[in-house]
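I have placed the structure first, in the form of structure tokens, so that the comments after it can refer back to it.
The values are calculated or read from the model by the stated rules, or taken from the named source; none is laboratory data. Quick caveat: nothing in here was measured; it's all calculated off a predicted structure. Positions of Cβ are backbone-derived with ideal geometry, glycine not excepted, and every protein chain shown enters the neighbour counts. Surface areas here come from the heavy atoms of the whole protein model, side chains and all, with no ligands, DNA or RNA. Shrake-Rupley method; radii C 1.70, N 1.55, O 1.52, S 1.80 Å.
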Amino acid sequence: MVIIIFGVAGAGKTTIGELLAKELGWKFCDGDDFHPAANIDKMERGEPLTDEDRRSWLESLRKVIEQSLAANENAVLACSALKRNYRDRLRLSTGVKFVFLHGSRARIAEQLKHRRGHFMNPKLLESQFADLEEPKPSEDALTVEIDGHPRRVVDEIMASLRARSR
């Protein structure tokens, strides 16, 4: 199984994803590690990525998912997957599950203020929210509010995954 933790920049995808992977004893992959240099340069300059910019990045993530599924290796992948068509590209089978980290603009902006050492320019938050297509019920994604400590968010994800697997 591959669990994709998604949401806008600053939602806590990496923090939550790393904690969840550790809790499960699974591999963790950060989608940011798969961006081509040109995308990173754009984001550092505060320029939003286009669908075309994201195409090769999504293909790289798709390959990671394919490899994990083919090897029967469970993994947690943190990536923005802002639009439904991006998530559809990554939804290779029923073995891919999505968890949406939902939070208010104010909460996420506050979290971004405290983030250090990341290439994403905080000025891009508005463009992230503009691109965001929250998951519809037909996507069967788990939505989790990021209104508490990351440990609480991971506990909620774990409880929901257990309930869904029954």
For VAL76, other-chain or 5+-apart residues with amide H closer than 5 Å (H placed, Pro excluded) are ILE3, LYS27, PHE28, CYS29
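Calculate, for the range 3-140, the solvent-accessible area per residue in square angstrom, rolling a 1.4 angstrom probe over the heavy atoms of the protein chains.
Result: 50 Å² per residue.
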Rounded to the nearest 10 Å², what accessible area does ASP131 show when all protein chains are kept and the probe is 1.4 Å? 40
Sites matching chymotrypsin sites (Phe, Trp or Tyr not before Pro) across the range 62-166 that sit in DSSP coil, with at most 14 neighbouring C-beta atoms within 10 Å: PHE119
Cα lying deepest toward the dipole's positive end in the chain, options LEU161, ASN39, THR50, charges on Cβ: LEU161
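Counting only GluC sites (Glu not before Pro) that are in a DSSP loop and have at most 15 other C-beta atoms within 10 Å, tell me the longest site-free stretch of the chain.
Working: sites that count: GLU73, GLU133.
That would be 1-72.
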Lysine pairs in the chain with alpha-carbon atoms under 18 Å apart, 8 or more places apart or on different chains: how many are there? 14
By its C-alpha gyration tensor, with a ≥ b ≥ c as the square roots of the eigenvalues, how is the range 51-94 shaped: rounded for a/c under 1.5, else prolate for a/b larger than b/c, else oblate? prolate
Residue-wise HN-Hα coupling along the range 71-80, computed from phi with Karplus coefficients 6.51, -1.76, 1.60 (Hz; x: Gly, Pro): 8, 6, 9, 6, 8, 10, 10, 9, 7, 5
Post the alpha-carbon centroid distance, the range 88-105 to the range 135-166, in whole angstrom. 11
Taking amide H positions as placed 1.01 Å from N in the peptide plane, with prolines and chain starts having none, which residues 5 or more places from VAL96, or on another chain, fall under 5 Å of its amide H? VAL2
Gyration tensor verdict on the chain (Cα atoms; rounded if a/c is under 1.5, prolate if a/b is larger than b/c, oblate otherwise): oblate
Table column - 3J(HN,Hα) (Hz), the range 87-97, Karplus curve with 6.51, -1.76, 1.60, x for Gly and Pro: 5, 4, 5, 8, 7, 7, 6, 6, x, 10, 10
